[in-house]
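Visitor: One structure coming up, written as structure tokens, with questions to follow.
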Amino acid sequence: QVQLVESGGGLVQAGGSLRLSCAASGNIFRINHWGWYRQAPGKLREWVAAISSGGSTQYIDSVKGRFTISRDNANNTLYLQMNTLKPEDTAVYYCKASGALTNYWGQGTQVTVSS
């Protein structure tokens, strides 16, 4: 089992920044892919960014150049640095850890961007 706990969400004005954290514990060695997702009210959950065990990163087009995903392997923590935030970034953000057979999700952290 892998446990994920997100933190760092909050209320910020448009143009501001937040850094989300996802602390992982348990059988981390089973995980080979990490990601951030978000779900806005009334919308489906969407993928935002991903990082592989080798450090390769990918982003949805709408956050490229503004968000940065990273991972601190020593502390088993996943990060999402979010800059130049926009009202449309408002959502609950979730981290996801993927192993060969199983996906694990955190409980989510709310990000609200005011205009």
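Visitor: Aspartates and glutamates near LYS96 by alpha-carbon distance under 13 Å, same-chain residues fewer than 8 away left out - which ones?
Guide: In chain and number order, the partners are GLU6, GLU46.
Visitor: Which of the aspartates and glutamates could be linked to LYS43 by a straight reach, that is with a Cα gap under 16 Å, when you skip same-chain ones fewer than 8 residues away?
Guide: GLU88, ASP89
Visitor: Between SER62 and HIS33, what is 0.36 nm times their sequence separation minus the Cα-Cα distance? Round to one decimal in nm.
Guide: My answer for the length gained is 8.3 nm.
Visitor: Consider a paramagnetic label point 7 Å from the Cα of ASN76 along Cα→Cβ; state which residues of region 34-50 have an amide N under 19 Å from it.
Guide: Once the point is set 7 Å along Cα→Cβ of ASN76, 34-36 turn out to lie under 19 Å by backbone N, inside region 34-50.
Visitor: What percent do you get for the relative contact order of region 51-115 when only Cα pairs under 8 Å and 6+ apart count?
Guide: 24 percent
Visitor: For the chain, taking Cα atoms only, what is the radius of gyration to one decimal and the Dmax to the nearest whole Å?
Guide: According to the Cα coordinates of the chain, Rg and Dmax are 13.4, 41 Å.
Visitor: Taking loop as defined by DSSP and a crowding limit of 14 other beta carbons within 10 Å, which trypsin sites (Lys or Arg not before Pro) in region 40-71 fit?
Guide: Counting only loop positions with at most 14 other Cβ atoms within 10 Å, the trypsin sites (Lys or Arg not before Pro) in region 40-71 are LYS43, LYS64.
Visitor: Follow-up question, since we're still on this one. Averaged per residue, what accessible surface does the chain expose to a 1.4 Å probe, in Å²?
Guide: Accessible area per residue: 53 Å².
Visitor: Tally up the carbon and sulfur contribution to the accessible surface of region 10-115 as a whole percent, 1.4 Å probe, everything protein left in place.
Guide: Of the solvent-accessible surface of region 10-115, carbon and sulfur hold 48 percent.
Visitor: Same structure, new question: Given 0.36 nm per residue, what is the gain on full extension from ARG45 to GLN110 after removing their alpha carbon distance, in nm?
Guide: 22.1 nm
The values are calculated or read from the model by the stated rules, or taken from the named source; none is laboratory data. Note that the structure is a prediction, hence the values are computed from the model and not measured. In this analysis, Cβ positions are derived from the backbone assuming ideal geometry, glycine residues included, and neighbour counts consider all displayed protein chains. Protein only, heavy atoms only, side chains kept; ligands, DNA and RNA dropped before computing areas. Shrake-Rupley method; radii C 1.70, N 1.55, O 1.52, S 1.80 Å.
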